1. Is it the case that some residue within the range 288-298 is under 26 Å from LEU158 (Cβ atoms), touching a Phe, Trp or Tyr at 6+ places or on another chain (Cβ under 6 Å) and assigned by TED's automatic domain parsing to the domain that holds MET141?
2. Among the residues of the range 35-81, what is the count of those that are closer than 28 Å to GLY332 by Cα and not hydrophobic (A, V, I, L, M, F, W, C)?
3. Mind listing just one residue for me: the one in the range 248-290 that is within 21 Å of ARG227 (Cα to Cα) and hydroxyl-bearing (Ser, Thr, Tyr) and, of those, surrounded by the most Cβ atoms within 10 Å (Cβ to Cβ)?
4. Assuming TYR306 fulfils every condition listed in (1) closer than 30 Å to LEU223 by Cβ; (2) touching a strand residue (DSSP E or B) at 6+ places or on another chain (Cβ under 8 Å); (3) assigned by TED's automatic domain parsing to the domain that holds GLY53 apart from one, which condition is it?
5. Of the residues TYR293, TYR306, which single one is crowded, with 18+ Cβ neighbours inside 10 Å and touching an Asp or Glu at 6+ places or on another chain (Cβ under 9 Å)?
6. Restricting to the range 306-347, count the residues that are in a loop (DSSP other than H, G, I, E, B) and under 19 Å from MET102 (Cβ atoms).
7. If you go through the range 280-296 one residue at a time, do you hit one that is part of a loop (DSSP other than H, G, I, E, B) and either modelled with pLDDT under 85 or of a type in the set (Lys, Arg) (or both)?
8. If a residue has to be more than 15 Å from ASN313 (Cβ to Cβ), surrounded by 15 or more Cβ atoms within 10 Å (Cβ to Cβ) and either out of contact with any Phe, Trp or Tyr (no Cβ under 7 Å at 6 or more places or on another chain) or aliphatic (A, V, I, L, M) (or both) to count, how many in the range 51-64 make the cut?
Amino acid sequence: MAEIARRSSTSEYRIWNIISGLDITELMKKGIQKMLNQPGDLYLGIDEHSFSGRDMVLVITEHSSQNVVAVLPNTTKETLKKWLNNLPPSVMARIKGLTIDMTGAYKNTVLETLGVQIVTIVDKYHIIQMANNALDEVRKMNNWMIHMGIYGHDIIDLRQRKGIKKNNRKRYSRGRRVPLKNYSKYRKTDTDKQINIRLYKPNNEVYKPITVQHYLSQTYRTLFLKRQEDLTEKQKHRLNQILIEFDPLGYICEAYTAKEMITEMMEEKDKEELENLLYFLKDTEHYKLQELYRSLMKWKQEIINYFEHGKTNARNEGYNNKAKIFKRISYGYKTKTNYIKKLMFAL
């Protein structure tokens, strides 16, 4: 705001008076007018961000013109449906697609209002983020069980969410730890190490072995979340060591392979890789990977729509980032109405 005041040779107080005097209904009409002036098919992007805590606002953009066409005061179904119903029939008829994050409520509301001919496209970055989160959760659970010395299906059942089996709860009560030296009996045998890991095999390199204490003291989180082609030779070997020595049941290896397959699939827009991924995760036993499989099955058609249309919610995410900067440099807003006016005025 200070920069606008400087460039226009006026005061911030005067600019705020101008903004507060704006009619929010007229600002919304200008957003609709932008879509009327845009030729061809229209593709909307919907994403939300926080105004204060869990009080959210909904930002709607149009991909062809790359303009913000509306900022709604909340994320309820009724508010979104009301805005859609107020669109001119000529605009409604030209809306062909919708990009969303993995929120089913927006998809259902748009389909109910505009019809099933609308193509819904899931944002590729949310799919990749979901894969990274699943890998991180599997890795943290693996490290915790190694630290507690309670790894194995005889004690911890990772095939379901509830975890410790009933007949072992007294033996392994909360807070009791088994010495780390007992972990050695859960390590893989030489025959178990011949698994298909999507990593290179080192050629006579000699690296210092990883002890249990060192592995648990260093999280190695970044090592797992980096792309495989971005790893150095030493990092590849270190990751290979971890998957062989500290992944007794192979769950981290499954999660890492799934993450790499998802990233490659979304980058290459490969439908065949999607089918291979679903086949790979279909019989997994870890409940976190089961959740990943169910989410991919639920959004399978939306992922295929991304392969065909190539649209993402990156523009929405950029506008949301700008909105958060506005809010931060203004030290917050007292009223949501003024906040929405400034967004419509500035974005």
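The values are calculated or read from the model by the stated rules, or taken from the named source; none is laboratory data. This one's a predicted model, so the numbers in the text were calculated from it and none came from an experiment. In this analysis, Cβ positions are derived from the backbone assuming ideal geometry, glycine residues included, and neighbour counts consider all displayed protein chains.
1. In the first step, residues of the range 288-298 are kept if they are under 26 Å from LEU158 (Cβ atoms); the result is 288-298.
Among the residues that remain, those that are also touching a Phe, Trp or Tyr at 6+ places or on another chain (Cβ under 6 Å) are: none.
No, the conditions are met nowhere in the range 288-298.
2. Matching residues across the range 35-81 total 20.
3. In this case the residue turns out to be TYR256.
4. (3)
5. On the way: TYR293 fails: touching an Asp or Glu at 6+ places or on another chain (Cβ under 9 Å).
When all the criteria are applied, what remains is TYR306.
6. Of all residues in the range 306-347, those in a loop (DSSP other than H, G, I, E, B) come to 310-313, 330-335, 347.
Next, from what is left, pick out any that are under 19 Å from MET102 (Cβ atoms): 310-313.
Selection size over the range 306-347: 4.
7. Going residue by residue through the range 280-296, those that are part of a loop (DSSP other than H, G, I, E, B) are 283-286.
With either modelled with pLDDT under 85 or of a type in the set (Lys, Arg) (or both) added as a condition, the list becomes none.
The answer is no; no qualifying residue exists.
8. The number of residues fulfilling the criteria is 2.
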